Number of protein chains: 2
Amino acid sequence: MDKIIKKAGRRPGQNKTKTSIVAAAEALFAKEGFDHTTIRAIATQAEVDPALVMHYFGSKQALFIAATAPSQQMPHKIAQELSRGNPETMGLRLATLFVGMLEAKPTSHIVVNALKAAIRIPGAAALLKTVLVRPILKAFRESALDHAELRATLAQSQLVGIVMTRYILKIEPLASLPPEELIAYIAPTLQRYLTDDLNNNKKEVL
Amino acid sequence: MDKIIKKAGRRPGQNKTKTSIVAAAEALFAKEGFDHTTIRAIATQAEVDPALVMHYFGSKQALFIAATAPSQQMPHKIAQELSRGNPETMGLRLATLFVGMLEAKPTSHIVVNALKAAIRIPGAAALLKTVLVRPILKAFRESALDHAELRATLAQSQLVGIVMTRYILKIEPLASLPPEELIAYIAPTLQRYLTDDLNNNKKEVL
């Protein structure tokens, strides 16, 4: 991984500095959210000059993408779940993966803050699409599913709704449900969005 | 309605003034959202003194509740849909009601702005719960459904997700789906949350 990022002719120690900056950014973005985190605060925490942060990453957006890398493993994991195993348990596996991610503090903070920022700042909505929406769409497209984009966005509508009602607005009793129970409720919804005959659904309407 | 609101011993013309203020508030909240709308701007549009707005309504929150009254008919309509007709089409009727409301510009703006404000301002989340979440919960409680609160919040998780992905983040292809098609996709989800045996679901997990 380091080898790929590393460019020729740079000083040794650069990767160590970059790693410190990314670690500081990860902690601050998770704690403060995208718009309350400054390059200066990240630099202070990483004990480097702010100019060096800009030199390495170019923008707060680019640094955010680097810092949220753990949550970006999500699309790969989704792609795996979509391509392997019994198609009939796809909904359950996706629900388990997603709720598991949201119950784990660091990834949960990143997703919650990214969604909050996406609503507050117009630019952040585009960023959320780049970081989370498009990669998930890509995972769906690479699967054998028909109507991949539609299925991906229908599944997202349920998943984003869970982030909002359970983790942001904290509406009870949903907010306090044991994760296993929540997974059991939403898995059939995801299953239907993932594998049901959508054309059939459409015909019923017409 | 006017008779109920009117208190004894007030000047005639008070109701007309109140109506103008509510109309101005409704227009401005819908256009600018909760946190970008000021008492002063509402007063200017209604052609009254800001002090009079405060005298009648006491706070921006109280005025918001009065101004969003049309969207507050929603819980009553939901209660109606939950109590009458074929239980097997409950999901379809709720989906039709909700998407219909979101496709109609004034109510849609109110819901979208209320949700945006709820995320930005901690106080607004409590307000959203008062204005929309609790009345819907009440409608569910008054229905014959078991596990009313859980069913209400599961349905809300899908509906809030639709507001977010289709109307706020505008994720395609969901954002451009014809309303009838969207209704057909989410109706079975709502139906399941409203009438499926939730205990059964729970047992499957344990």
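Readers should treat all values here as calculations from the given coordinates under stated rules, not as data from a laboratory. Keep in mind the model is a prediction, meaning the values are calculated, not measured. Cβ atoms come from the backbone with ideal geometry, glycine included; neighbour counts cover every protein chain shown.
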Compute the FRET efficiency between B:Arg134 and B:Glu172 as 1/(1 + (r/R0)^6), taking r as their Cβ-Cβ distance and R0 = 35 Å, and round to the nearest 0.05. 0.55
Considering every pair of different Cα atoms, what Kirkwood radius, in Å, is found for region B:12-67? 10.7
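In peptide B:108-115, how many Cβ atoms from other protein chains are near each Cβ within 10 Å, on average?
On the way: counts 0, 0, 0, 0, 1, 0, 0, 4.
That average works out to 1.
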Shape verdict for region A:69-199, please, from the Cα gyration tensor: rounded (a/c under 1.5), prolate (a/b greater than b/c) or oblate. oblate
Using a basic spin-label model with each label point 7 Å from the Cα along Cα→Cβ, how many nm lie between B:Leu97 and A:Gln14? 6.2
In chain B, which residue puts its Cβ closest to the axis that turns chain B onto chain A, and how many whole Å away is it? B:Gly161, 1
Inter-copy label distances at A:Gln45, 7 Å along the Cα→beta-carbon direction, one decimal in nm, shortest first? 4.0
Quick calc: nm separation of the 7 Å Cα→Cβ label points for B:His36 and A:Glu142 -> 3.9
Shortest first and in nm to one decimal, what separations exist between B:Ser20 and its copies in the other chains, measuring from label points 7 Å along the Cα-to-beta-carbon line? 6.5
Mind listing which GluC sites (Glu not before Pro) in region B:15-96 are in a DSSP loop and have 13 or fewer other Cβ atoms within 10 Å? B:Glu47
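Just list whichever of A:Lys138/B:Lys116; B:Lys60/B:Lys116; A:Lys138/B:Lys170 have alpha carbons separated by over 22 Å in the model shown.
In this structure, A:Lys138/B:Lys116 exceed 22 Å between Cα atoms.
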